[in-house]
Amino acid sequence: MMKGKQIPLNIRILYYARPDQEEPFVEIITVEEAKRRKSVCSYYEEDDDDTLPVLKHHSALLENMHIEQLARRLPARVQGYPWRLAYSTLEHGTSLKTLYRKSASLDSPVLLVIKDMDNQIFGAYATHPFRFSDHYYGTGETFLYTFSPNFKVFKWSGENTYFINGDTSSLELGGGGGRFGLWLDADLYHGRSNSCSTFNNDILSKKEDFIIQDVEVWTFE
């Protein structure tokens, strides 16, 4: 039995059936050429891995570039689900209590998006909705992220399990030694970001203490 030759990994075979051609045809190109064609949006189409998720509401904070990069880093269990805006300071006011109330009926992970007065975008993916708690909760899928100045994700370090904690005075993500990866006050006005052992993260904004411009919380359902 003859075995077919294995296709080199740096080759793409494109099959076309176009209405303006009498017969279908095949073209063999390099992976580099395929990427170049994709980048300039040419006629030749491949399976698009960069399809944006469906957002059921408009985001005042996230542009398509942000959404695309975040979507790639989300855990598999929320991939493919539409994003729904559960809370927005623009729509619901600047109150942590309101954020908790809007999150009370949720039963899926949430994406926290913050824009500060320096116009920096950063936040967290939380495995559980934000709520009042007298102890830390969440799992190791929780992560912090920032677009300041470039997109970076800070995953669980494994050093502790201080993922999420919320009370009437503040919301905290990540901790250890009195330092929080992300901390927001009750009025969603003042925030702080420190390097913490939970995520071994960089400071998410330009400086440790920041003033919040707007907040959005997205859920996946």
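Things to note:
- All conditions but one from (1) modelled with pLDDT of 95 or more; (2) under 20 Å from D107 (Cβ atoms); (3) open to solvent by 50 Å² or more (accessible area, probe 1.4 Å) apply to P129; the one that does not is (3).
- Single condition Q69 does not satisfy, out of (1) open to solvent by less than 30 Å² (accessible area, probe 1.4 Å); (2) within 11 Å of the chain's Cα centre (by Cα): (1)
- Test for K115: is it surrounded by 19 or more Cβ atoms within 10 Å (Cβ to Cβ) and of a type in the set (D, E, K, R): yes
- Consider segment 132-146 and keep the residues that are hydrophobic (A, V, I, L, M, F, W, C) and open to solvent by less than 20 Å² (accessible area, probe 1.4 Å). The one that is nearest to L182 (Cα to Cα) is L144.
- For the residues L61, L85, L99, the requirement of being in a loop (DSSP other than H, G, I, E, B), under 27 Å from L188 (Cα atoms), open to solvent by less than 40 Å² (accessible area, probe 1.4 Å) and modelled with pLDDT of 95 or more singles out L61.
- Lone unmet requirement of (1) open to solvent by less than 20 Å² (accessible area, probe 1.4 Å); (2) in contact with a helix residue (DSSP H, G or I) (Cβ under 6 Å, 6 or more places away or on another chain); (3) assigned to a strand (DSSP E or B) for A124: (2)
The values are calculated or read from the model by the stated rules, or taken from the named source; none is laboratory data. Everything numeric in this text was worked out from a predicted model, so none of it was measured. Counting neighbours? That spans all protein chains shown, and the Cβs are built from the backbone with ideal geometry, glycine included. Heads up: the accessible areas ignore ligands, DNA and RNA and are worked out on the full protein's heavy atoms, side chains in. Shrake-Rupley method; radii C 1.70, N 1.55, O 1.52, S 1.80 Å.
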